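The values are calculated or read from the model by the stated rules, or taken from the named source; none is laboratory data. Remember, it's a predicted structure, so these values are computed and weren't measured experimentally. Positions of Cβ are generated from backbone atoms using ideal geometry, with glycine treated the same way; all protein chains shown enter the neighbour counts.
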Amino acid sequence: MTTSAARPATPAPTAATAVAIAAVDKVFNVGKPNQVEALLGIDLSIATGEFVSLIGPSGCGKSTLLRLVADLTDPTAGSVVVNGKPAAQARRDRDYGMAFQHAGLFDWRTVVRNVELPLELEGWSKARRREQAIKMLELVKLADFAEHRPFELSGGMQQRVAIARALSFEPSLLLMDEPFGALDEMTREHMQTELLRICAQTATTVVFVTHSIPEAVYLSDRVVVMSPRPGRVAEVITVKLGHRDDDIREASVFYDAITAVRDALRGIERGSPRGVDDR
Amino acid sequence: MTVLSARWSAAPRRVAVIVPPVAVGIAFLVLWELAVTVFDISAFLLPKPSAIWSALLDQWSIIMEAARSTASNAITGLVIGVVLGVFAALLTSRSRSAREIVTPIAAGIAAMPIIALAPVFNVWFGITTSTAKQLVVTIVVFMPVFVNVSKGLAQAEATQLELMRSFAASPAAVMRKVRIPTALPYLFSALRLAASLSIIAAIVAEYFGGRRDALGVYIQQAAGLTRYDQAWAGVLVACVIGISLFVVVLIAERVAMPWAGSQRQQRS
(Lines give C-alpha, C1' and ligand atoms only; values in the text may rest on other atoms or scores of the structure.)
Protein backbone atom coordinates (compact mmCIF):
# COMPACT_ATOMS: atom_id res chain seq x y z
CA MET A 1 0.00 0.00 0.00
CA THR A 2 3.03 2.27 0.31
CA THR A 3 3.07 3.32 -3.33
CA SER A 4 -0.64 3.89 -3.74
CA ALA A 5 -0.48 7.59 -2.78
CA ALA A 6 1.48 8.35 -5.93
CA ARG A 7 -1.24 6.99 -8.21
CA PRO A 8 -4.21 8.85 -9.62
CA ALA A 9 -7.33 8.23 -7.61
CA THR A 10 -9.84 5.97 -9.32
CA PRO A 11 -13.42 7.18 -9.33
CA ALA A 12 -15.54 5.63 -6.61
CA PRO A 13 -17.47 2.63 -7.97
CA THR A 14 -21.02 3.45 -8.93
CA ALA A 15 -23.94 1.28 -9.91
CA ALA A 16 -22.73 1.47 -13.52
CA THR A 17 -19.29 0.15 -12.62
CA ALA A 18 -19.03 -3.64 -12.88
CA VAL A 19 -15.38 -3.94 -11.90
CA ALA A 20 -13.19 -1.37 -10.15
CA ILE A 21 -9.53 -2.27 -9.71
CA ALA A 22 -7.56 0.31 -7.72
CA ALA A 23 -3.82 0.41 -7.03
CA VAL A 24 -3.52 -3.36 -7.19
CA ASP A 25 -0.16 -5.08 -6.76
CA LYS A 26 0.31 -8.83 -6.88
CA VAL A 27 3.59 -10.33 -5.73
CA PHE A 28 4.13 -14.09 -5.72
CA ASN A 29 6.44 -15.77 -3.17
CA VAL A 30 6.85 -12.61 -1.10
CA GLY A 31 10.22 -12.48 0.65
CA LYS A 32 11.53 -15.63 -1.01
CA PRO A 33 14.39 -15.80 -3.53
CA ASN A 34 11.88 -16.59 -6.30
CA GLN A 35 9.75 -13.51 -5.59
CA VAL A 36 7.89 -12.34 -8.70
CA GLU A 37 6.13 -9.03 -9.12
CA ALA A 38 3.24 -10.18 -11.31
CA LEU A 39 1.23 -6.95 -11.24
CA LEU A 40 2.13 -3.43 -10.20
CA GLY A 41 -0.11 -0.43 -9.74
CA ILE A 42 -3.10 -1.63 -11.73
CA ASP A 43 -6.00 0.82 -12.00
CA LEU A 44 -8.86 -0.27 -14.20
CA SER A 45 -12.55 0.43 -14.18
CA ILE A 46 -15.00 -1.58 -16.29
CA ALA A 47 -18.50 -0.29 -16.89
CA THR A 48 -21.59 -2.47 -16.73
CA GLY A 49 -22.33 -3.96 -20.15
CA GLU A 50 -18.83 -3.33 -21.43
CA PHE A 51 -16.68 -5.93 -23.19
CA VAL A 52 -13.04 -5.51 -22.14
CA SER A 53 -10.12 -7.64 -23.32
CA LEU A 54 -6.79 -7.98 -21.55
CA ILE A 55 -3.92 -8.59 -23.96
CA GLY A 56 -0.16 -8.72 -23.59
CA PRO A 57 2.88 -10.95 -23.90
CA SER A 58 3.23 -14.09 -21.79
CA GLY A 59 4.01 -13.21 -18.20
CA CYS A 60 2.30 -9.81 -18.25
CA GLY A 61 -0.11 -10.95 -15.54
CA LYS A 62 -3.33 -10.73 -17.56
CA SER A 63 -4.60 -14.07 -16.26
CA THR A 64 -3.55 -13.12 -12.74
CA LEU A 65 -5.55 -9.91 -13.06
CA LEU A 66 -8.61 -11.88 -14.13
CA ARG A 67 -8.12 -14.31 -11.25
CA LEU A 68 -7.99 -11.34 -8.85
CA VAL A 69 -11.36 -10.17 -10.14
CA ALA A 70 -12.65 -13.72 -9.65
CA ASP A 71 -11.22 -13.89 -6.12
CA LEU A 72 -9.30 -17.03 -7.08
CA THR A 73 -6.23 -15.26 -5.68
CA ASP A 74 -5.75 -12.27 -3.36
CA PRO A 75 -4.07 -8.96 -4.23
CA THR A 76 -0.89 -8.14 -2.32
CA ALA A 77 -2.02 -4.51 -2.20
CA GLY A 78 -4.92 -2.44 -3.49
CA SER A 79 -8.60 -3.25 -3.86
CA VAL A 80 -10.77 -5.17 -6.31
CA VAL A 81 -14.44 -4.22 -6.24
CA VAL A 82 -17.03 -6.19 -8.23
CA ASN A 83 -20.60 -4.92 -8.46
CA GLY A 84 -19.86 -2.48 -5.64
CA LYS A 85 -18.58 -5.10 -3.18
CA PRO A 86 -15.23 -6.72 -2.41
CA ALA A 87 -14.30 -9.48 -4.89
CA ALA A 88 -14.58 -12.19 -2.21
CA GLN A 89 -18.14 -11.14 -1.41
CA ALA A 90 -19.02 -11.00 -5.11
CA ARG A 91 -17.72 -14.55 -5.54
CA ARG A 92 -19.78 -15.79 -2.59
CA ASP A 93 -22.81 -14.01 -4.04
CA ARG A 94 -22.15 -15.74 -7.40
CA ASP A 95 -21.98 -12.40 -9.18
CA TYR A 96 -19.85 -13.75 -12.00
CA GLY A 97 -19.52 -16.80 -14.23
CA MET A 98 -16.17 -18.09 -15.38
CA ALA A 99 -14.83 -19.96 -18.42
CA PHE A 100 -11.29 -21.22 -18.90
CA GLN A 101 -9.18 -22.33 -21.87
CA HIS A 102 -9.79 -25.90 -20.75
CA ALA A 103 -13.57 -26.35 -20.79
CA GLY A 104 -13.37 -28.31 -17.52
CA LEU A 105 -16.59 -30.25 -18.11
CA PHE A 106 -17.36 -33.22 -15.89
CA ASP A 107 -17.29 -36.50 -17.83
CA TRP A 108 -19.54 -38.15 -15.27
CA ARG A 109 -22.33 -35.70 -16.02
CA THR A 110 -24.33 -35.34 -19.19
CA VAL A 111 -24.10 -32.02 -21.02
CA VAL A 112 -27.32 -30.71 -19.48
CA ARG A 113 -26.28 -31.79 -15.98
CA ASN A 114 -22.96 -29.97 -16.45
CA VAL A 115 -24.92 -26.80 -17.13
CA GLU A 116 -27.13 -27.52 -14.11
CA LEU A 117 -24.18 -27.83 -11.71
CA PRO A 118 -24.06 -24.19 -10.48
CA LEU A 119 -27.86 -24.20 -10.09
CA GLU A 120 -27.59 -27.41 -8.07
CA LEU A 121 -25.10 -25.66 -5.78
CA GLU A 122 -27.56 -22.78 -5.42
CA GLY A 123 -30.24 -25.23 -4.36
CA TRP A 124 -32.62 -24.82 -7.29
CA SER A 125 -35.33 -27.49 -7.61
CA LYS A 126 -34.73 -30.26 -10.13
CA ALA A 127 -37.46 -29.16 -12.54
CA ARG A 128 -36.47 -25.49 -12.43
CA ARG A 129 -32.79 -26.12 -13.03
CA ARG A 130 -33.48 -28.50 -15.90
CA GLU A 131 -35.69 -25.88 -17.54
CA GLN A 132 -33.02 -23.18 -17.06
CA ALA A 133 -30.20 -25.43 -18.31
CA ILE A 134 -32.14 -26.28 -21.47
CA LYS A 135 -32.76 -22.56 -22.00
CA MET A 136 -29.02 -21.94 -21.71
CA LEU A 137 -28.21 -24.79 -24.09
CA GLU A 138 -30.64 -23.24 -26.56
CA LEU A 139 -28.74 -19.97 -26.15
CA VAL A 140 -25.49 -21.68 -27.22
CA LYS A 141 -27.40 -23.78 -29.81
CA LEU A 142 -26.66 -27.13 -28.22
CA ALA A 143 -30.10 -28.14 -26.92
CA ASP A 144 -30.00 -31.24 -29.16
CA PHE A 145 -26.93 -32.47 -27.29
CA ALA A 146 -28.38 -32.16 -23.77
CA GLU A 147 -28.15 -35.89 -23.01
CA HIS A 148 -24.74 -36.44 -24.60
CA ARG A 149 -21.57 -36.92 -22.60
CA PRO A 150 -19.02 -34.06 -22.83
CA PHE A 151 -16.34 -36.24 -24.48
CA GLU A 152 -18.71 -36.93 -27.36
CA LEU A 153 -18.57 -33.24 -28.34
CA SER A 154 -15.95 -31.32 -30.34
CA GLY A 155 -13.69 -28.79 -28.63
CA GLY A 156 -15.80 -25.84 -29.80
CA MET A 157 -19.01 -27.49 -28.62
CA GLN A 158 -17.43 -28.27 -25.23
CA GLN A 159 -16.44 -24.63 -24.88
CA ARG A 160 -20.02 -23.57 -25.69
CA VAL A 161 -21.26 -25.89 -22.93
CA ALA A 162 -18.75 -24.26 -20.56
CA ILE A 163 -20.13 -20.84 -21.52
CA ALA A 164 -23.70 -22.04 -21.00
CA ARG A 165 -22.66 -23.32 -17.57
CA ALA A 166 -20.98 -20.01 -16.70
CA LEU A 167 -24.14 -18.13 -17.68
CA SER A 168 -26.67 -20.62 -16.28
CA PHE A 169 -27.34 -18.64 -13.11
CA GLU A 170 -27.50 -15.41 -15.13
CA PRO A 171 -24.56 -13.58 -13.58
CA SER A 172 -24.10 -9.95 -14.64
CA LEU A 173 -20.39 -10.55 -15.25
CA LEU A 174 -18.57 -13.15 -17.33
CA LEU A 175 -14.85 -13.74 -16.79
CA MET A 176 -13.08 -15.63 -19.60
CA ASP A 177 -9.48 -16.81 -19.59
CA GLU A 178 -8.44 -17.56 -23.20
CA PRO A 179 -11.60 -19.61 -23.70
CA PHE A 180 -11.00 -20.06 -27.43
CA GLY A 181 -7.23 -20.52 -27.16
CA ALA A 182 -7.31 -24.21 -27.99
CA LEU A 183 -9.71 -23.97 -30.93
CA ASP A 184 -8.89 -23.88 -34.64
CA GLU A 185 -9.15 -20.57 -36.46
CA MET A 186 -12.53 -21.14 -38.16
CA THR A 187 -14.18 -22.44 -34.99
CA ARG A 188 -12.63 -19.59 -33.10
CA GLU A 189 -14.12 -16.90 -35.34
CA HIS A 190 -17.48 -18.61 -35.18
CA MET A 191 -17.28 -18.75 -31.38
CA GLN A 192 -16.41 -15.04 -31.23
CA THR A 193 -19.51 -14.13 -33.21
CA GLU A 194 -21.61 -16.45 -31.03
CA LEU A 195 -20.20 -14.91 -27.86
CA LEU A 196 -21.09 -11.38 -29.02
CA ARG A 197 -24.61 -12.55 -29.84
CA ILE A 198 -24.99 -14.21 -26.42
CA CYS A 199 -23.65 -11.14 -24.59
CA ALA A 200 -25.95 -8.83 -26.50
CA GLN A 201 -28.89 -11.11 -25.70
CA THR A 202 -28.05 -11.36 -21.98
CA ALA A 203 -26.55 -7.85 -21.45
CA THR A 204 -23.54 -9.41 -19.72
CA THR A 205 -20.34 -7.54 -18.88
CA VAL A 206 -17.29 -9.47 -20.08
CA VAL A 207 -13.63 -9.44 -19.08
CA PHE A 208 -11.75 -11.52 -21.63
CA VAL A 209 -8.11 -12.59 -21.55
CA THR A 210 -6.55 -13.38 -24.92
CA HIS A 211 -3.27 -13.70 -26.82
CA SER A 212 -4.84 -12.79 -30.13
CA ILE A 213 -4.96 -9.21 -31.39
CA PRO A 214 -7.78 -9.76 -33.96
CA GLU A 215 -9.81 -11.58 -31.32
CA ALA A 216 -9.41 -8.74 -28.82
CA VAL A 217 -10.30 -6.12 -31.44
CA TYR A 218 -13.29 -8.01 -32.84
CA LEU A 219 -14.85 -8.63 -29.44
CA SER A 220 -14.04 -5.60 -27.34
CA ASP A 221 -15.26 -2.13 -26.57
CA ARG A 222 -11.86 -1.54 -24.98
CA VAL A 223 -8.57 -3.43 -25.25
CA VAL A 224 -6.29 -3.22 -22.24
CA VAL A 225 -2.69 -3.67 -23.40
CA MET A 226 -0.44 -4.95 -20.63
CA SER A 227 3.35 -4.99 -20.31
CA PRO A 228 5.36 -7.67 -18.50
CA ARG A 229 7.72 -7.77 -15.50
CA PRO A 230 6.10 -6.29 -13.58
CA GLY A 231 2.66 -6.46 -15.19
CA ARG A 232 1.26 -2.98 -15.80
CA VAL A 233 -1.46 -1.42 -17.89
CA ALA A 234 0.53 0.05 -20.79
CA GLU A 235 -2.35 1.44 -22.80
CA VAL A 236 -6.12 1.22 -23.05
CA ILE A 237 -7.43 1.36 -26.62
CA THR A 238 -11.07 2.09 -27.33
CA VAL A 239 -12.37 0.12 -30.32
CA LYS A 240 -15.21 1.67 -32.32
CA LEU A 241 -16.32 -0.87 -34.91
CA GLY A 242 -20.05 -0.33 -34.78
CA HIS A 243 -22.05 -3.43 -35.69
CA ARG A 244 -19.83 -6.50 -35.68
CA ASP A 245 -20.26 -9.33 -38.15
CA ASP A 246 -17.96 -11.40 -40.30
CA ASP A 247 -17.70 -8.62 -42.92
CA ILE A 248 -16.18 -6.25 -40.41
CA ARG A 249 -13.15 -8.55 -40.22
CA GLU A 250 -12.20 -7.32 -43.69
CA ALA A 251 -13.04 -3.65 -43.17
CA SER A 252 -10.37 -0.97 -42.83
CA VAL A 253 -11.63 0.15 -39.38
CA PHE A 254 -10.89 -3.37 -38.17
CA TYR A 255 -7.34 -3.24 -39.53
CA ASP A 256 -6.83 0.26 -38.11
CA ALA A 257 -7.79 -1.00 -34.66
CA ILE A 258 -5.52 -4.05 -35.03
CA THR A 259 -2.66 -1.73 -36.00
CA ALA A 260 -3.32 0.47 -32.97
CA VAL A 261 -3.19 -2.54 -30.62
CA ARG A 262 -0.14 -3.97 -32.35
CA ASP A 263 1.70 -0.63 -32.11
CA ALA A 264 0.90 -0.48 -28.42
CA LEU A 265 2.25 -4.02 -27.97
CA ARG A 266 5.38 -3.19 -29.97
CA GLY A 267 5.85 -0.12 -27.80
CA ILE A 268 6.04 -2.25 -24.69
CA GLU A 269 8.15 -4.85 -26.39
CA ARG A 270 11.13 -2.65 -26.97
CA GLY A 271 13.66 -4.19 -24.67
CA SER A 272 11.66 -7.40 -24.49
CA PRO A 273 12.20 -9.97 -27.24
CA ARG A 274 8.97 -11.86 -26.60
CA GLY A 275 6.35 -11.92 -29.32
CA VAL A 276 2.61 -11.88 -29.21
CA ASP A 277 0.41 -14.24 -31.12
CA ASP A 278 -0.67 -12.40 -34.24
CA ARG A 279 -3.63 -14.61 -35.07
CA MET B 1 -25.80 -42.49 -34.64
CA THR B 2 -22.97 -43.52 -32.36
CA VAL B 3 -25.38 -45.10 -29.91
CA LEU B 4 -27.09 -47.07 -32.67
CA SER B 5 -23.89 -48.32 -34.25
CA ALA B 6 -22.52 -49.28 -30.84
CA ARG B 7 -25.61 -51.37 -30.17
CA TRP B 8 -25.36 -53.04 -33.57
CA SER B 9 -21.76 -54.03 -33.19
CA ALA B 10 -21.98 -55.01 -29.51
CA ALA B 11 -23.03 -58.64 -30.06
CA PRO B 12 -20.31 -59.66 -32.56
CA ARG B 13 -17.70 -57.86 -30.48
CA ARG B 14 -18.77 -59.75 -27.37
CA VAL B 15 -18.38 -63.03 -29.28
CA ALA B 16 -14.95 -61.92 -30.48
CA VAL B 17 -13.95 -61.16 -26.90
CA ILE B 18 -15.16 -64.46 -25.46
CA VAL B 19 -14.12 -66.98 -28.13
CA PRO B 20 -10.29 -66.67 -28.10
CA PRO B 21 -9.74 -67.18 -24.32
CA VAL B 22 -12.23 -70.08 -24.26
CA ALA B 23 -10.49 -71.71 -27.25
CA VAL B 24 -7.06 -71.27 -25.66
CA GLY B 25 -8.40 -72.65 -22.37
CA ILE B 26 -9.82 -75.80 -24.04
CA ALA B 27 -6.64 -76.33 -26.05
CA PHE B 28 -4.62 -76.02 -22.84
CA LEU B 29 -6.76 -78.62 -21.03
CA VAL B 30 -6.51 -81.05 -23.97
CA LEU B 31 -2.71 -80.66 -24.14
CA TRP B 32 -2.47 -81.15 -20.36
CA GLU B 33 -4.55 -84.35 -20.53
CA LEU B 34 -2.47 -85.66 -23.48
CA ALA B 35 0.86 -84.72 -21.90
CA VAL B 36 0.07 -86.53 -18.64
CA THR B 37 -1.01 -89.64 -20.58
CA VAL B 38 1.77 -89.67 -23.18
CA PHE B 39 4.66 -88.89 -20.80
CA ASP B 40 3.13 -91.07 -18.08
CA ILE B 41 3.40 -88.37 -15.41
CA SER B 42 2.48 -89.74 -12.01
CA ALA B 43 -0.73 -88.47 -10.44
CA PHE B 44 0.93 -86.93 -7.36
CA LEU B 45 3.03 -84.67 -9.60
CA LEU B 46 0.27 -83.59 -11.92
CA PRO B 47 -3.16 -85.19 -12.07
CA LYS B 48 -5.11 -85.20 -15.34
CA PRO B 49 -7.83 -82.55 -15.79
CA SER B 50 -10.32 -85.43 -16.11
CA ALA B 51 -9.15 -86.85 -12.77
CA ILE B 52 -9.49 -83.44 -11.11
CA TRP B 53 -12.96 -83.09 -12.55
CA SER B 54 -14.11 -86.46 -11.28
CA ALA B 55 -12.59 -85.71 -7.85
CA LEU B 56 -14.58 -82.50 -7.81
CA LEU B 57 -17.83 -84.30 -8.63
CA ASP B 58 -16.96 -87.00 -6.11
CA GLN B 59 -16.33 -84.56 -3.28
CA TRP B 60 -18.90 -82.01 -4.44
CA SER B 61 -20.85 -81.57 -1.20
CA ILE B 62 -17.73 -81.43 1.00
CA ILE B 63 -15.95 -78.97 -1.30
CA MET B 64 -19.05 -76.80 -1.68
CA GLU B 65 -19.49 -76.55 2.08
CA ALA B 66 -15.82 -75.58 2.46
CA ALA B 67 -16.13 -73.10 -0.42
CA ARG B 68 -19.18 -71.50 1.16
CA SER B 69 -17.43 -70.72 4.44
CA THR B 70 -14.20 -69.60 2.75
CA ALA B 71 -16.10 -67.34 0.34
CA SER B 72 -18.10 -65.89 3.21
CA ASN B 73 -14.89 -65.08 5.14
CA ALA B 74 -13.30 -63.58 2.03
CA ILE B 75 -16.33 -61.44 1.20
CA THR B 76 -16.87 -60.27 4.78
CA GLY B 77 -13.19 -59.30 5.10
CA LEU B 78 -13.26 -57.70 1.67
CA VAL B 79 -16.27 -55.54 2.46
CA ILE B 80 -14.89 -54.44 5.84
CA GLY B 81 -11.44 -53.73 4.35
CA VAL B 82 -12.91 -51.71 1.47
CA VAL B 83 -15.17 -49.69 3.77
CA LEU B 84 -12.29 -48.94 6.14
CA GLY B 85 -9.92 -48.12 3.25
CA VAL B 86 -12.39 -45.72 1.64
CA PHE B 87 -13.24 -44.16 5.00
CA ALA B 88 -9.55 -43.65 5.86
CA ALA B 89 -8.91 -42.11 2.42
CA LEU B 90 -11.86 -39.70 2.78
CA LEU B 91 -10.72 -38.74 6.27
CA THR B 92 -7.10 -38.14 5.30
CA SER B 93 -8.00 -36.19 2.17
CA ARG B 94 -9.90 -33.65 4.25
CA SER B 95 -7.52 -33.12 7.13
CA ARG B 96 -3.77 -32.75 7.22
CA SER B 97 -3.44 -33.92 10.82
CA ALA B 98 -5.54 -37.00 10.07
CA ARG B 99 -3.24 -37.70 7.12
CA GLU B 100 -0.17 -37.46 9.34
CA ILE B 101 -1.65 -39.87 11.87
CA VAL B 102 -3.28 -42.42 9.55
CA THR B 103 -0.66 -42.72 6.78
CA PRO B 104 2.15 -44.19 8.92
CA ILE B 105 -0.30 -46.52 10.64
CA ALA B 106 -1.58 -47.70 7.26
CA ALA B 107 1.97 -48.23 6.03
CA GLY B 108 2.71 -50.20 9.17
CA ILE B 109 -0.37 -52.37 8.69
CA ALA B 110 0.60 -53.07 5.09
CA ALA B 111 4.10 -54.13 6.16
CA MET B 112 2.83 -56.64 8.70
CA PRO B 113 3.80 -60.20 7.75
CA ILE B 114 0.35 -61.65 7.41
CA ILE B 115 1.63 -65.23 7.61
CA ALA B 116 2.96 -64.51 11.09
CA LEU B 117 -0.21 -62.72 12.15
CA ALA B 118 -2.70 -65.38 11.12
CA PRO B 119 -1.72 -67.78 13.95
CA VAL B 120 -1.65 -64.85 16.40
CA PHE B 121 -5.20 -63.87 15.42
CA ASN B 122 -6.22 -67.51 15.87
CA VAL B 123 -5.04 -67.27 19.47
CA TRP B 124 -6.69 -63.88 20.04
CA PHE B 125 -10.10 -64.61 18.58
CA GLY B 126 -10.21 -68.40 18.93
CA ILE B 127 -9.08 -70.80 16.27
CA THR B 128 -12.61 -71.93 15.37
CA THR B 129 -14.05 -68.45 14.86
CA SER B 130 -14.38 -66.70 11.53
CA THR B 131 -13.21 -63.41 13.01
CA ALA B 132 -9.51 -64.33 12.86
CA LYS B 133 -9.77 -65.23 9.15
CA GLN B 134 -11.85 -62.20 8.25
CA LEU B 135 -9.39 -59.91 9.99
CA VAL B 136 -6.52 -61.29 7.89
CA VAL B 137 -8.53 -60.53 4.72
CA THR B 138 -9.43 -57.06 5.99
CA ILE B 139 -5.79 -56.17 6.60
CA VAL B 140 -4.67 -57.44 3.19
CA VAL B 141 -7.46 -55.57 1.38
CA PHE B 142 -7.22 -52.29 3.30
CA MET B 143 -3.95 -50.93 1.89
CA PRO B 144 -4.55 -51.08 -1.87
CA VAL B 145 -7.96 -49.47 -1.34
CA PHE B 146 -6.61 -46.75 0.95
CA VAL B 147 -3.66 -45.90 -1.30
CA ASN B 148 -5.61 -45.88 -4.57
CA VAL B 149 -8.63 -43.95 -3.29
CA SER B 150 -6.34 -41.41 -1.56
CA LYS B 151 -4.59 -40.85 -4.85
CA GLY B 152 -7.88 -40.61 -6.74
CA LEU B 153 -9.27 -38.02 -4.34
CA ALA B 154 -6.24 -35.82 -5.06
CA GLN B 155 -6.54 -36.12 -8.85
CA ALA B 156 -9.26 -33.54 -9.53
CA GLU B 157 -8.33 -31.16 -12.36
CA ALA B 158 -7.17 -27.69 -11.31
CA THR B 159 -9.67 -26.05 -13.69
CA GLN B 160 -12.54 -27.99 -12.17
CA LEU B 161 -11.51 -27.05 -8.64
CA GLU B 162 -11.20 -23.36 -9.57
CA LEU B 163 -14.55 -23.57 -11.25
CA MET B 164 -16.10 -24.95 -8.07
CA ARG B 165 -14.49 -22.10 -6.14
CA SER B 166 -15.92 -19.59 -8.61
CA PHE B 167 -19.35 -21.12 -7.90
CA ALA B 168 -18.67 -20.61 -4.16
CA ALA B 169 -19.11 -24.37 -3.63
CA SER B 170 -18.70 -25.70 -0.09
CA PRO B 171 -15.86 -28.16 0.64
CA ALA B 172 -18.50 -30.88 1.05
CA ALA B 173 -19.92 -30.10 -2.41
CA VAL B 174 -16.44 -30.17 -3.95
CA MET B 175 -15.89 -33.57 -2.35
CA ARG B 176 -19.23 -34.97 -3.51
CA LYS B 177 -19.41 -33.50 -6.99
CA VAL B 178 -15.74 -33.45 -8.07
CA ARG B 179 -13.32 -35.39 -5.89
CA ILE B 180 -15.35 -38.55 -5.35
CA PRO B 181 -16.38 -39.00 -9.02
CA THR B 182 -12.73 -38.40 -10.00
CA ALA B 183 -11.63 -41.08 -7.51
CA LEU B 184 -14.10 -43.75 -8.72
CA PRO B 185 -11.81 -45.26 -11.40
CA TYR B 186 -9.07 -45.52 -8.76
CA LEU B 187 -11.47 -47.21 -6.35
CA PHE B 188 -12.38 -49.80 -8.96
CA SER B 189 -8.72 -50.47 -9.82
CA ALA B 190 -8.21 -51.18 -6.13
CA LEU B 191 -11.32 -53.36 -5.97
CA ARG B 192 -10.14 -55.56 -8.84
CA LEU B 193 -6.93 -56.14 -6.96
CA ALA B 194 -8.69 -56.54 -3.61
CA ALA B 195 -11.20 -59.08 -4.98
CA SER B 196 -8.41 -61.50 -5.93
CA LEU B 197 -6.39 -60.75 -2.81
CA SER B 198 -9.35 -61.47 -0.52
CA ILE B 199 -9.73 -65.11 -1.57
CA ILE B 200 -5.96 -65.69 -1.42
CA ALA B 201 -5.80 -64.14 2.06
CA ALA B 202 -8.77 -66.20 3.29
CA ILE B 203 -7.17 -69.46 2.15
CA VAL B 204 -3.77 -68.56 3.59
CA ALA B 205 -5.42 -67.73 6.92
CA GLU B 206 -7.10 -71.16 6.93
CA TYR B 207 -3.75 -72.92 6.55
CA PHE B 208 -3.03 -72.06 10.17
CA GLY B 209 -5.82 -74.22 11.46
CA GLY B 210 -9.45 -73.81 12.32
CA ARG B 211 -12.75 -75.37 11.38
CA ARG B 212 -12.48 -78.14 8.86
CA ASP B 213 -15.16 -76.80 6.50
CA ALA B 214 -12.70 -74.44 4.80
CA LEU B 215 -11.04 -74.62 1.39
CA GLY B 216 -7.57 -73.96 2.81
CA VAL B 217 -7.94 -76.82 5.26
CA TYR B 218 -9.44 -79.08 2.61
CA ILE B 219 -6.59 -78.45 0.13
CA GLN B 220 -3.96 -78.94 2.81
CA GLN B 221 -5.47 -82.21 4.07
CA ALA B 222 -5.99 -83.61 0.58
CA ALA B 223 -2.36 -82.83 -0.25
CA GLY B 224 -1.26 -84.41 3.04
CA LEU B 225 -3.07 -87.60 2.02
CA THR B 226 -1.46 -87.36 -1.46
CA ARG B 227 -4.94 -87.00 -2.96
CA TYR B 228 -3.65 -84.39 -5.38
CA ASP B 229 -6.68 -84.72 -7.62
CA GLN B 230 -8.80 -83.56 -4.68
CA ALA B 231 -6.34 -80.80 -3.75
CA TRP B 232 -6.47 -79.50 -7.33
CA ALA B 233 -10.25 -79.63 -7.27
CA GLY B 234 -10.12 -77.39 -4.20
CA VAL B 235 -7.74 -75.00 -5.98
CA LEU B 236 -10.07 -74.95 -8.98
CA VAL B 237 -13.02 -73.93 -6.79
CA ALA B 238 -10.91 -71.21 -5.12
CA CYS B 239 -10.10 -69.85 -8.60
CA VAL B 240 -13.78 -69.84 -9.52
CA ILE B 241 -14.61 -67.85 -6.37
CA GLY B 242 -11.83 -65.35 -7.13
CA ILE B 243 -12.94 -64.93 -10.74
CA SER B 244 -16.57 -64.51 -9.65
CA LEU B 245 -15.64 -61.73 -7.23
CA PHE B 246 -13.59 -60.07 -9.99
CA VAL B 247 -16.56 -60.23 -12.38
CA VAL B 248 -18.85 -58.74 -9.73
CA VAL B 249 -16.40 -55.83 -9.42
CA LEU B 250 -16.38 -55.34 -13.21
CA ILE B 251 -20.17 -55.28 -13.32
CA ALA B 252 -20.32 -52.84 -10.40
CA GLU B 253 -17.81 -50.65 -12.27
CA ARG B 254 -20.01 -50.57 -15.37
CA VAL B 255 -23.04 -49.67 -13.27
CA ALA B 256 -21.28 -47.01 -11.19
CA MET B 257 -19.41 -45.37 -14.09
CA PRO B 258 -21.56 -45.67 -17.22
CA TRP B 259 -19.46 -42.96 -18.85
CA ALA B 260 -16.17 -44.85 -18.58
CA GLY B 261 -16.90 -47.66 -21.06
CA SER B 262 -18.23 -45.41 -23.79
CA GLN B 263 -15.31 -43.06 -23.25
CA ARG B 264 -12.90 -45.91 -23.90
CA GLN B 265 -14.73 -46.70 -27.14
CA GLN B 266 -14.66 -43.05 -28.11
CA ARG B 267 -10.93 -42.76 -27.67
CA SER B 268 -9.88 -46.07 -29.17
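Annotations for the structure displayed:
- Against the test of being within 11 Å of chain B (Cβ to nearest Cβ), polar (S, T, N, Q) and in contact with a helix residue (DSSP H, G or I) (Cβ under 9 Å, 6 or more places away or on another chain), the options A:N83, A:N114 yield a single qualifying residue, A:N114.
- Strands (runs of 3 or more DSSP E) fully within the range A:17-106 that include at least 3 residues being under 25 Å from A:A164 (Cα atoms): A:17-28, A:51-55, A:96-99.
Per-residue answers, yes or no, for (1) touching a helix residue (DSSP H, G or I) at 6+ places or on another chain (Cβ under 8 Å); (2) more than 25 Å from B:M164 (Cα to Cα):
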| residue | (1), (2) |
| --- | --- |
| A:A38 | yes, no |
| A:S45 | no, yes |
| A:V52 | no, no |
| A:G56 | yes, yes |
| A:L65 | no, no |
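- In the range A:244-270, residue nearest to A:K62 (Cα to Cα) [restricted to those that are more than 21 Å from the chain's Cα centre (by Cα) and part of a loop (DSSP other than H, G, I, E, B)]: A:R270
Listed here are the residues, each with its yes/no results for (1) within 23 Å of B:L245 (Cα to Cα); (2) within 24 Å of the chain's Cα centre (by Cα); (3) among the polar types (S, T, N, Q).
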site: B:D40; (1), (2), (3): no, no, no
site: B:S61; (1), (2), (3): yes, no, yes
site: B:S69; (1), (2), (3): yes, yes, yes
site: B:G77; (1), (2), (3): yes, yes, no
site: B:R96; (1), (2), (3): no, no, no
site: B:I105; (1), (2), (3): no, yes, no
site: B:I109; (1), (2), (3): no, yes, no
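- For the range B:136-166, residues that are at pLDDT 90 or above and within 25 Å of A:L66 (Cα to Cα) total 7.
- Cross-chain or 6+ apart pairs with Cβ under 7 Å, the range B:201-230 first and assigned to a helix (DSSP H, G or I), then of a type in the set (D, E): B:L215/B:E206; B:G216/B:E206; B:V217/B:E206
- Among residues of the range A:212-259, those that are farther than 16 Å from A:S45 by Cα, exposed (fewer than 15 other Cβ atoms within 10 Å of the Cβ) and polar (S, T, N, Q), counted: 2
- All of (1) out of contact with any Pro (no Cβ under 8 Å at 6 or more places or on another chain); (2) of a type outside the set (A, V, I, L, M, F, W, C); (3) modelled with pLDDT of 90 or more hold for A:G155 with one exception: (3).
- The range A:134-154, residues that are in a helix (DSSP H, G or I) and within 14 Å of chain B (Cβ to nearest Cβ): A:D144, A:F145, A:P150, A:F151, A:E152
- Only one of B:A158, B:A110, B:A194 that is of a type in the set (A, V, I, L, M, F, W, C) and within 14 Å of chain A (Cβ to nearest Cβ): B:A158
- Apart from one condition, A:R67 fits all of (1) at pLDDT 90 or above; (2) more than 14 Å from chain B (Cβ to nearest Cβ); the exception is (2).
- Subset of the range B:165-174 that is farther than 18 Å from A:D74 by Cβ and part of a helix (DSSP H, G or I) - its residue that is farthest from the other protein chains (Cβ to nearest Cβ): B:P171
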